[in-house]
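The values are calculated or read from the model by the stated rules, or taken from the named source; none is laboratory data. All figures in this text were calculated on a predicted structure; none of them were measured in a lab. Cβ coordinates were reconstructed from backbone atoms using ideal geometry, including for glycine residues, and neighbour counts include every protein chain displayed.
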Ligand code: DOR
């Protein structure tokens, strides 16, 4: 990781410390030294402070392990005009994410050890948070032959996916799942049956009808999830369902888990908080008329934004643990890819910098507890990635000091011009969110600090 802002010991005084995995929820001090958590929860007297210790007033703030994102697009190599590892990791730091797993739909795709090495090197030189590449399932993501999964695993990928596209071929998916068991790494599938989604650009339903846009039925996602569950049962392989978005998908995953099939699932912040009605342009899930602001291309994403009925099922499934974790699917795009007709626009939303603020809406509305939200952003993804990630998802003394400090009640207005990400493509532009990251630390180094923290005298 590059860009060290400071490296002295840090004492965060009097914040609420939530360590979801340890069942810890206390008000106390957090002492960080030599990149690690030295103490969490105890009061540190001035005499016990290490030399050159920076003190941060934590009252009114919450500290927890840094967020882990299982699914984002950093676009490097190949699409640096949309995002780079430098800008994407800066965006992550602003959003409270300390670990990113980046998808392989780059150019070249991440289907061999050389590209994995390139990303790891760039992340070391230019990144401000931890970056772990996800390898392709098939060579070049073309769906014709399996990638060298073992070579990719040895080079350090943490999962496999052809994200942006599904693994269509049933037998290749079967083989990939069988290998995933041997390699101990999950297959994250983008479930989209193209013969059903066809040229659809948003969710099938009354909003698509009113706007005259071709719709994508929920069954395009659900039929492929059903196939994958059946193949996971057959092989015992590790299936991870990427960006699950429909009520029907939730019940498929629930039933599979009840039957003991090794399946996990993620959901994106936008599918939990906004609906297809946002394509009408009113930035609201109650607007029901098409107006001059309709066809807002920043709402175009795959899977598409769904109905309120789906949103409710997703929130409930997240709260109950049927869905294991939240992943951003941060998909930054350049203006030229979005300032076109709805049909021509690229799919994707820039999410890293708004994820936490938008998710806090669920906490403020009492639909999910703050500790469950933190669990699904930290331990939930860490468990899917495996035991090596456990220490990145806790504030236990002795573990790396990857953490986020946030103000749960701070209002802020989303202004994409202030994003570190090159992707300004967010439907949330101009909206007010309640809950803001104040500082993010990776291995004890401050990689982001908001203006409120910079004003503090140490
Ligand atoms: O909206 C999306 N954009 N969904 C995907 O699955 C891929 C992503 C991208 O790469 O832009």
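Results, tabulated for the structure shown:
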read-out	value
Within the stretch 202-300, helices (runs of 4 or more DSSP H) holding 1 or more residues that are without any contact (Cβ under 8 Å) to a residue 60 or more places away in the chain and buried (at least 23 other Cβ atoms within 10 Å of the Cβ)	219-235, 247-258, 269-273
Every residue from the stretch 2-29 that is at pLDDT 90 or above and part of a loop (DSSP other than H, G, I, E, B)	8, 9, 23
Qualifying residue in the stretch 306-327 (condition: more than 19 Å from residue 202 (Cα to Cα), touching a residue at least 40 places away in the same chain (Cβ under 8 Å), touching a strand residue (DSSP E or B) at 6+ places or on another chain (Cβ under 9 Å) and within 13 Å of the ligand (Cβ to nearest atom))	yes
The stretch 101-128 residues that are surrounded by fewer than 21 Cβ atoms within 10 Å (Cβ to Cβ), paired with ones that are at pLDDT below 95 (beta carbon under 6 Å, 6 or more apart)	125/2; 126/2
Which listed residue, of 408, 387, is away from the ligand (no atom under 16 Å from the Cβ) and without any contact (Cβ under 8 Å) to a residue 12 or more places away in the chain	387
Helices (runs of 4 or more DSSP H) (entirely within the stretch 352-458) containing at least 1 residues that are under 21 Å from the mean Cα position of the chain (by Cα) and crowded, with 24+ Cβ neighbours inside 10 Å	355-364, 370-377, 379-385
Within the stretch 8-42, tally of residues that are surrounded by fewer than 19 Cβ atoms within 10 Å (Cβ to Cβ), under 27 Å from the mean Cα position of the chain (by Cα) and within 21 Å of residue 52 (Cα to Cα)	2
Some residue of the stretch 341-350 being within 16 Å of the ligand (Cβ to nearest atom), closer than 21 Å to residue 436 by Cα and not in a helix (DSSP H, G or I)	yes
Among the candidates 79, 97, 160, 132, residue that is closer than 30 Å to residue 410 by Cα and either modelled with pLDDT of 95 or more or within 14 Å of the ligand (Cβ to nearest atom) (or both)	97
Test set (1) in a loop (DSSP other than H, G, I, E, B); (2) closer than 13 Å to residue 403 by Cβ - residue 32 fails condition number	(1)
Any hit, the stretch 179-199, residues being within 16 Å of the ligand (Cβ to nearest atom), part of a loop (DSSP other than H, G, I, E, B) and more than 19 Å from residue 242 (Cβ to Cβ)	yes
The stretch 50-61 - residue that is crowded, with 17+ Cβ neighbours inside 10 Å and part of a loop (DSSP other than H, G, I, E, B) and, of those, farthest from the ligand (Cβ to nearest atom)	53
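Per-residue answers, yes or no, for (1) closer than 17 Å to residue 163 by Cβ; (2) within 21 Å of the chain's Cα centre (by Cα):
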site: 219; (1), (2): no, no
site: 225; (1), (2): yes, yes
site: 234; (1), (2): no, no
site: 237; (1), (2): no, no
site: 246; (1), (2): no, yes
site: 257; (1), (2): no, no
site: 266; (1), (2): yes, yes
site: 279; (1), (2): no, no
